[in-house]
Amino acid sequence: MIGAFKSRTRVSMEGFASNLIRELRWARKELRELVSMGVEIDGDPSELDGSIYMLQCLVDSVRKLRNIGAGALVEFADFWSLATIAPRDDRQAKTADWCAAAFGEAHASSVPQRAVRFLEEAVELSQACGVDRAMAHQLVDYIFDRPPGEPFQELGGVGVTTLALANALGVSADQAEAAEVARVLAKPLKHFADRNAAKNAAGFDVTQGGQDGFQA
């Protein structure tokens with residue numbers, strides 16, 4: 001009985017792997033055809049090459065795991081989900097709720113306001129890593145002399161450079177982020193609301209009309 005169940009499970013998982021490989025190959029083929037036809041596609045053309053490469057890696061990974069067995073496929077699926085989706089999305093949702101509670105919805109949902117706060121943290125990190133004031137000003141001028149980028153792609157670039165910097169520092173970027181989220185959530189909302197109010201008063205409120213956020 002158990003042997004028969006394992007056999008059926010293996011066949012089912014191998015069928016799943018075969019279907020997945022077929023779908024990935026189809027997507028890869030479609031992307032290559034679009035590139036060869038010269039079809040105009042929004043975004044950086046190099047991103048298509050990256051997508052094709054990623055699909056090829058997935059095809060190779062699933063093919064190897066299919067040969068190993070059903071257990072390895074399940075483990076691969078679980079790892080892919082936990083490592084790339086669930087943990088950070090969960091932290092993002094918790095941070096969004098905290099941000100709205102501490103600063104108010106106007107500040108939490110304002111892209112320019114969140115970008116100003118992001119810039120503050122990026123400058124602080126650079127300063128902590130030895131970048132001096134002159135270099136920071138020089139880089140700001142260099143960037144603003146060029147056309148603005150696309151937020152989604154630039155956000156991805158931030159993620160890549162964060163991983164590279166974390167590696168140079170010899171730390172885990174994921175652990176550093178998780179630790180900071182835990183530290184922030186453990187403090188009273190008023191602590192951050194007061195700090196935010198002080199920054200707003202210093203001229204760093206770019207929302208329409210502003211909002212005090214947390215009310216004691």
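For the reader, a short list of remarks on this structure follows.
- The residues neighbouring Ala96, those whose beta-carbon lies less than 12 Å from its own, together hold a net charge of -1 under the Lys/Arg +1, Asp/Glu -1 convention.
- Summing charges over all other residues whose Cβ lies under 15 Å from the Cβ of Val206, with Lys and Arg as +1 and Asp and Glu as -1, gives +1.
- Across the stretch 86-204, Cα pairs under 8 Å and at least six residues apart give a relative contact order of 36 percent.
- Charged neighbours of Phe118, selected by a Cβ distance under 12 Å, balance to -2 (K, R count +1; D, E count -1).
- Listed residue (Phe204, Ala136, Leu165) projecting farthest to the positive dipole end of the stretch 101-216, Cβ model: Phe204
- Inter-probe distance in nm under a simple model that places probes 7 Å from Cα toward Cβ, at Ala166 and Glu33: 3.9
- Compared with the direct C-alpha span, the chain from Ala198 to Leu125 gains 24.2 nm at full extension, assuming 0.36 nm per residue.
Readers should treat all values here as calculations from the given coordinates under stated rules, not as data from a laboratory. Because the structure is predicted, anything quoted here is derived from the model rather than measured. Heads up, the Cβs are rebuilt from the backbone with ideal geometry, glycines too, and the neighbour counts pull from every protein chain shown.
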